[in-house]
1. Being in a loop (DSSP other than H, G, I, E, B) and surrounded by fewer than 17 Cβ atoms within 10 Å (Cβ to Cβ) is the requirement here; does residue 553 meet it?
2. Scan the range 248-271 and tell me whether some residue there is in a loop (DSSP other than H, G, I, E, B) and crowded, with 23+ Cβ neighbours inside 10 Å.
3. Can you tell me which residue among 9, 38 is in a helix (DSSP H, G or I), under 27 Å from the mean Cα position of the chain (by Cα), at pLDDT 90 or above and crowded, with 17+ Cβ neighbours inside 10 Å?
4. If a residue has to be more than 13 Å from residue 6 (Cβ to Cβ) and over 27 Å from the mean Cα position of the chain (by Cα) to count, how many in the range 41-60 make the cut?
5. Can you spot a residue in the range 330-349 that is free of Cβ contacts under 8 Å to residues at least 12 places away in the same chain, surrounded by fewer than 18 Cβ atoms within 10 Å (Cβ to Cβ) and not in a helix (DSSP H, G or I)?
6. Going through 319, 380 one at a time, which residue ends up being in a helix (DSSP H, G or I) and surrounded by fewer than 16 Cβ atoms within 10 Å (Cβ to Cβ)?
7. Taking the condition of being out of contact with any helix residue (DSSP H, G or I) (no Cβ under 8 Å at 6 or more places or on another chain), in contact (Cβ under 8 Å) with a residue 60 or more places away in the chain and part of a helix (DSSP H, G or I), how many residues in the range 465-480 meet it?
8. Quick check on this structure: which one of 305, 325, 370 is part of a helix (DSSP H, G or I) and free of Cβ contacts under 8 Å to residues at least 40 places away in the same chain?
C-alpha cells in the first residue's frame with residue numbers, strides 16, 4: 001500500500017529514502033523496505049483505516065501532553081521549552097520548577113499567552129495551543145527534572161531537562177599537542193603463565209604496567225560486555241547480553257579473597273581439574289566451554305566462602321557489596337536474574353540460548369513466574385551479583401595501574417553497537433527494541449553483500465519516550481574504570497541500517513536517530529568521566545556525521561588501508577586529521593602478515609565467501625596493486641630500509657617491513673596511534689572474519705606468545721622505543 005500518509009510517516013519516523021553508498025554512488029531504499037521498517041515500528045501499513053487511527057491517536061497524545069518527555073540543550077545555547085495547553089488555560093499563571101541534580105531549585109513564573117504562540121490544534125472539539133517559553137535563569141550542566149506547576153502548586157506535567165557541554169573531553173596531553181601511541185588487544189587472546197586459558201583482568205593490569213614502561217599511553221580493549229555464563233559458545237564480544245555490565249570470564253579467580261580457602265583448593269587440586277586447566281592454557285584457541293566450566297566451579301566455591309564469612313553478616317565487605325548492588329539498580333538485578341534463570345533452564349535440559357526460547361512464563365522479566373523464581377533462587381542470583389562486583393573491582397584495579405603509571409589515556413574500552421536477540425538487555429526492556437529487525441550494513445568494501453549482525457535496534461521514538469535513560473546508562477557504565485571510550489559503528493548515533501527478519505541485508509534501510517541529543521549526552525558523560533571518545537566511522541559514512549562528530553570533540557578512526565586516493569596511492573599519515581586515532585588494521589581485518597600474503601583471500605575462498613572466481617581474481621589483482629602502492633609510499637617516506645626490494649613481486653612480509661609500517665604510522669599527524677599486539681608478534685591468522693559464523697573460530701584465536709615474554713624481547717622493546725621517538729618528533733613538528 002502506498003499513500004500520502006505512509007510517505008509522511010516515512011519522513012516523520014526518520015526512514016531514509018535515498019543515501020550515498022560506500023563507493024560514493026546514489027542508492028535508493030525500495031518502497032517495500034520502507035513499508036517493512038514502519039511495520040517493525042508498530043504501524044499497520046497494510047490497513048489504511050487502522051493506520052489512520054494509529055496516527056490520529058499518536059497526534060492526539062502529543063497535543064494532550066503539556067511537555068515533551070525530554071529535552072537536551074548545550075551550555076552555550078539559550079533554553080526554550082514548548083508548553084501545550086487547552087485554550088481556556090493559556091491566560092492562567094503557571095510556574096516552571098527545575099529541580100537540579102545538585103538539589104537546587106530554579107523557578108520561573110509565566111503566563112502562556114505572554115510567550116510566543118507557535119502552533120495550535122483542535123482535539124475532540126477542544127482547542128490546544130503550543131507556546132515557546134524562554135528559561136531566563138542559567139542552568140548548570142547535568143540531568144534535571146522540570147515540572148510545570150499550576151497556580152496552586154499541583155504538578156501538571158514533568159520532563160527531563162539535560163544540559164550538556166559543547167564537546168567531549170580531551171586530556172591535557174592532547175590539548176598540548178602531544179601525539180601518543182598504544183596497543184590494542186582482544187583481552188581473551190592474552191596468554192600468560194597464570195591465567196586459566198583466557199586473558200583476564202590481572203593480565204590486563206600486567207600489560208598496562210609493562211607497556212607503560214615502554215612508552216605506550218593506552219591499551220585498547222575489545223568490548224568486555226556481559227555475555228552468557230550458561231551459553232559460553234556465544235562468545236562474540238559484539239553480540240552481548242548486556243552492554244552495561246562485564247563479562248565474568250575475565251575474572252582472575254586466583255586474585256579473589258577466598259581462593260586460598262581449603263574448600264576451594266581441594267577443588268582446584270583435583271587431577272581432573274588440573275588436567276583441564278593445563279588443556280585450556282595450552283590450546284591455541286580459547287575453549288570457552290571448558291574455561292567457563294572451570295571458572296564457575298571455582299567461583300561458586302569462593303562465593304560460598306565469602307558469603308559465609310562476610311556477605312551474610314554486618315561487615316565492611318558486605319556493606320561495599322550492598323552499595324554496589326544498590327547502585328546497579330534494576331539493570332544489575334535483571335542481569336543476575338537472567339543469568340540465574342538461563343543456568344537453571346540449561347541445567348534442566350530445556351531450551352535456553354536466550355529468552356525467546358524460554359518457557360512462556362519466563363519470557364518477560366516483569367512476569368509473576370520470574371518474580372517467584374527470584375524468591376526461590378535468591379542465593380544463585382546473589383552469586384551472579386557477586387561476579388559483577390568482583391569484575392568491577394578487578395577492572396578498576398587494572399585501571400589504577402594506568403593511573404599510577406601516568407598514562408595519558410590508560411585503558412580504553414569499546415562499546416558494541418547493540419545486543420543480541422536473546423539478550424538480558426532486551427528481556428528487561430522489550431518495549432525499547434524492534435525484535436523482528438536487526439542492525440547491519442548495506443553493501444560496502446568489508447561486506448559486498450551487505451551485513452546482518454543479528455542485533456535488534458532500539459526504536460528511536462521509544463528511546464525518546466524513555467527520556468534517553470538507556471543511552472545515558474550505556475555511556476556512563478562504559479566510561480567507568482577507563483580513560484577513553486571507542487564507539488563501534490559510531491554512525492549509530494545518526495542512523496542505523498535496519499534489516500527485517502528474513503530479508504537479505506542489502507534489502508534493508510536506514511532509520512535516523514536524534515543525533516544532536518545523543519551527542520549532547522555523550523559529551524556530558526565524557527566530561528563527567530574525563531573520558532576521551534573515539535568514533536569508529538568506517539563503512540558507509542555520510543559527510544554530515546563526520547563534521548558533526550568533529551565539532552563535538554569525537555576522535556575519528558583512520559585505518560591506513562582505507563586511506564586511499566583516487567589514483568590508488570595511499571595518503572601519508574601526516575595528512576590524517578589531528579583529532580583522530582590512526583591504525584593499520586582492525587579486528588575485522590587481516591593482520592599485516594595476513595594482508596601481505598593474502599591469507600584472508602585464501603581463507604575467504606575456502607569458506608565460500610566469494611560468489612564467483614572472477615570476484616576473487618579481481619580482489620587478488622587489487623591487493624597486488626595496493627601492496628605496490630604501499631611499498632612505493634613506504635620507500636618514498638624512507639620508512640623502510642633502502643635495501644628492501646621495491647618490487648612487490650620479490651618482497652614477502654618480514655620483520656623490517658612489518659615494523660617499518662608501524663613506525664611509518666607513528667610519524668603521522670593523528671593524536672592517537674593504535675597498533676595491534678598480534679602485528680607486533682607478526683601473526684598471520686585473523687581474530688574475526690566478517691560474514692562467518694561457525695565456518696571460522698571467530699573471537700577465539702590466542703596470541704602466539706605469553707605476556708611475560710613480550711616486553712623481554714629486545715626487538716619489541718626497540719620497536720616501542722622507535723614508536724615513542726617517532727611520536728615525539730611528530731608532536732614537535734606542530
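1. It is false that residue 553 is in a loop (DSSP other than H, G, I, E, B) and surrounded by fewer than 17 Cβ atoms within 10 Å (Cβ to Cβ).
2. So far as the range 248-271 goes, yes, one or more of its residues are in a loop (DSSP other than H, G, I, E, B) and crowded, with 23+ Cβ neighbours inside 10 Å.
3. 38
4. Count: 7.
5. Yes, there is a match, as at least one residue in the range 330-349 is free of Cβ contacts under 8 Å to residues at least 12 places away in the same chain, surrounded by fewer than 18 Cβ atoms within 10 Å (Cβ to Cβ) and not in a helix (DSSP H, G or I).
6. It is 319.
7. Residues that pass the stated criteria total 4.
8. 370
The values are calculated or read from the model by the stated rules, or taken from the named source; none is laboratory data. Because the structure is a prediction, the values reported are computed rather than measured. Don't worry about glycine lacking a Cβ; one is built from the backbone with ideal geometry, like all the others, and counts go over all protein chains shown.
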